[in-house]
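Right, one structure below, let's go through it.
The values are calculated or read from the model by the stated rules, or taken from the named source; none is laboratory data. Everything numeric in this text was worked out from a predicted model, so none of it was measured. Using ideal geometry, Cβ is built from the backbone for each residue, glycine included, and neighbour counts are taken over all protein chains shown. What goes into the accessible areas is simple: the full protein's heavy atoms, side chains included, and nothing from ligands, DNA or RNA. Shrake-Rupley method; radii C 1.70, N 1.55, O 1.52, S 1.80 Å.
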Amino acid sequence: MAKILLVLYPDSVTGYPPKYARDSIPVLDSYPDGQTLPSPSVIDFTPGALLGSVSGELGLRRFLEAAGHELVVTSDKDGPNSVFERELASADIVISQPFWPAYLTAERIAKAPKLKLAITAGIGSDHVDLDAAISHGITVVEETYSNSISVAEHAVMQVLALVRNYLPSHEWVVNGGWNIADSVERAYDLEGMNVGVIAAGRIGRAVLRRLAPFDVRLHYTDKNRLSPEIERELGLTFHPDAASLVRAVDVVSIHAPLHPETYHLFDDALISSMKRGSYIVNTARAEITDRDAIVRALESGQLAGYAGDVWYPQPPAADHPWRTMPHNGMTPHVSGSTLSAQARYAAGTREILEDWFADRPIREEYLIVDGGQLAGVGAASYTAGGESSPGSGGK
Ligand code: NDP
């Protein structure tokens, strides 16, 4: 029997369960590329319920306890005295979400002799030291596509929010004002602007597709070029690297994984090569940008706005400069954890666990590390080694 350590974000301050705004969520047939939705033997939670917080337990308790496994759920994940660190010593499986990541550093992995499986409920396994996972024979998996469209919608929303100066305008009405000049003095149309994405994977492509109807000029860079058909359909200009792309655009949306090649890609030098008054939206990973370079560029006016939902570390300190830097549209890490997305990645987690316990292969598209090497989507998206590994000191 296995011990499963599940790290989830805390419940709402208003209590659990919340009062839901809607009674159901749409039922999808498949993901945009035809990949099938998660298919566990049974879904015994309510799709649309808050599953990602501690009391939601990703809907797993009944299933796991009926099979005789032990489930420990906590949100206490940081520091040597945390529940996570204490329970990790005897855990066989760790599950956590990127929104509230249980950092599986090399040091922590060394103290977890029984650990065999690390599941990311969602997408993005950079909170796991992949080199340490490889050398300790730990399988790392995530639920590819489960929240890609959720993130793409958030990124498009934040592009519009920044360019149109939505949040400051909203603040004026909430505070009893009607300050039109104050609201519009930083407001533009997106129409006609050059908009680029860094990485045209599942999320990046969805962002391009959603922005095309806004009559913008679309650009992208990626390690591999998209097909000529997609480039033609969306009117895309390809750039061989980020340096070329950022010089050509007004708005950049970042959708690459965090790995050594992308760590601190947006530093002072790259940002200073952008047009004055550019916007950056980053829903990928915070450390793809240099935290203080972003603040400096917003203060100097080199950047007109920065938005996103990813921070480092998570949760950020109360005095993290991105909370108060000018012209920011930051949210907590929420884009991939809508109630709609939670239903998919909770089902994906159960599917993975069912396969693991039955000794069946886990879907290739969920694998990041397996059999002591990068595997599946991990082999395509990540590189082993380097300074972006959590706890490696390269932050
Ligand atoms: P995909 O694997 O579908 O796409 C990633 C793309 O990035 C691939 O096309 C890959 O290239 C490309 N890429 C990798 N390295 C580079 C590089 N150095 N320069 C340019 N392109 C590069 O992932 P998703 O689109 O599903 O997700 C992207 C990232 O978004 C995740 O890694 C995660 O960090 C983040 N994310 C954030 C969420 C949130 O809630 N905010 C939720 C989900 C994901 P190729 O395959 O061609 O080699």
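Which peptide among 3-11, 64-72 comes first, and what is the full order, when sorted by highest mean count of other Cβ atoms within 10 Å?
Top to bottom by mean Cβ count within 10 Å: 3-11, 64-72.
At a 10 angstrom cut-off on C-beta neighbours, averaged per residue, how do the peptides 106-119, 74-87 rank from highest to lowest?
Values: 106-119: 18.4, 74-87: 15.7.
For the peptides 106-119, 74-87, the packing ranking is 106-119, 74-87.
Here segment 341-361 and segment 261-298 have alpha carbon centers that stand 36 Å from each other.
For segment 267-395, the carbon plus sulfur part of the accessible surface works out to 50%, probe radius 1.4 Å. Segment 175-198 and segment 37-57 have Cα centres spaced 38 Å apart. Using R0 = 45 Å, the C-beta based FRET efficiency linking ARG62 and ALA379 works out to 0.85.
Considering only alpha-carbon pairs that sit under 8 angstrom and 6 or more positions apart, the relative contact order computed for segment 130-245 is 21 percent. Angle of helix 202-211 to the longest C-alpha principal axis of the chain, folded into 0 to 90 degrees and rounded to 10: 30°.
The distance separating the Cα centre of segment 308-322 from that of segment 80-148 comes to 21 Å. A full extension of the chain between SER135 and LYS19 corresponds to an added length of 37.2 nm, given 0.36 nm per residue minus the alpha carbon distance.
Backbone N atoms of segment 252-280 closer than 14 Å to the 7 Å Cα→Cβ label point of SER300 belong to residues 267-278.
Counting charges near VAL249 (Lys, Arg +1; Asp, Glu -1) among other residues having Cβ under 9 Å from its Cβ returns a value of +2.
What does DSSP give for the chain in terms of the percent of beta bridges that are antiparallel, rounded to the nearest 5? About 10 percent, rounded to the nearest 5. Taking GLU185, GLU143, GLU354 as the candidate residues, the one with maximal mean-square fluctuation in a Gaussian network model of the chain, Cα springs under 10 Å, is GLU185. With each label modelled as a point 7 angstrom along the Cα→C-beta vector, the ALA187-SER55 pair spans 3.9 nm.
Would you mind getting me the FRET efficiency between PHE238 and LEU37? Use the beta-carbon distance for r and R0 = 30 Å, nearest 0.05.
It comes out at approximately 0.45.
Excluding ligands, DNA and RNA, the accessible surface per residue across the chain is 44 Å² with a 1.4 Å probe. Net charge in the neighbourhood of ALA293 (other residues with Cβ under 13 Å of its Cβ; Lys, Arg +1, Asp, Glu -1) is -4. Using a cut-off of 30 Å between Cα atoms, the listed pairs LYS223/LYS275; LYS77/LYS114; LYS77/LYS116; LYS19/LYS77 include none that exceed that distance.
Computed on the chain, with alpha-carbon pairs under 8 angstrom and 6+ residues apart, the relative contact order is 20 percent. The length gained on full extension between GLU365 and ASP76, counted as 0.36 nm times the residue separation minus their Cα-Cα distance, comes to 101.0 nm.
Given only helices, namely DSSP H runs of n ≥ 4 each adding -39500 (n - 2.57), what is the per-residue ellipticity at 222 nm of the chain, to the nearest 500 deg cm²/dmol?
Roughly -8000 deg cm²/dmol at 222 nm, from the helical runs in the chain.
Over segment 5-152, Cα pairs under 8 Å with separation of 6+ residues give a relative contact order of 23 percent. Over all other residues within a Cβ to Cβ distance under 14 Å of THR331, the charged ones net out to -1, with Lys and Arg as +1 and Asp and Glu as -1. Along the axis of the charge dipole computed for segment 230-322 (Cβ charges of +1 for Lys and Arg, -1 for Asp and Glu, origin at the Cα centre), the listed residues THR262, ALA318, GLN302 are led at the positive end by GLN302.
First compute the accessible area of segment 35-157 with a 1.4 Å probe, then give the percent of it belonging to carbon and sulfur atoms. Answer for segment 35-157 is 56 percent, counting heavy atoms of protein chains only.
Spin-label pair THR324-ARG247: with each label point 7 Å from Cα along the Cα-Cβ axis, the two points sit 3.8 nm from one another. Apply the a/c threshold of 1.5 to the C-alpha gyration tensor of segment 137-223 and tell me whether it is rounded, prolate or oblate. It is oblate, given that a/c is not under 1.5 and a/b is not larger than b/c.
Indicate the gyration tensor shape class of segment 71-119 (rounded, prolate or oblate), computed on the Cα atoms with a ≥ b ≥ c the square roots of the eigenvalues: a/c under 1.5 is rounded; otherwise a/b larger than b/c is prolate and the rest oblate.
On the way: a/c = 1.31, a/b = 1.16, b/c = 1.13.
Taking the square roots of the gyration eigenvalues as a ≥ b ≥ c, segment 71-119 is rounded.
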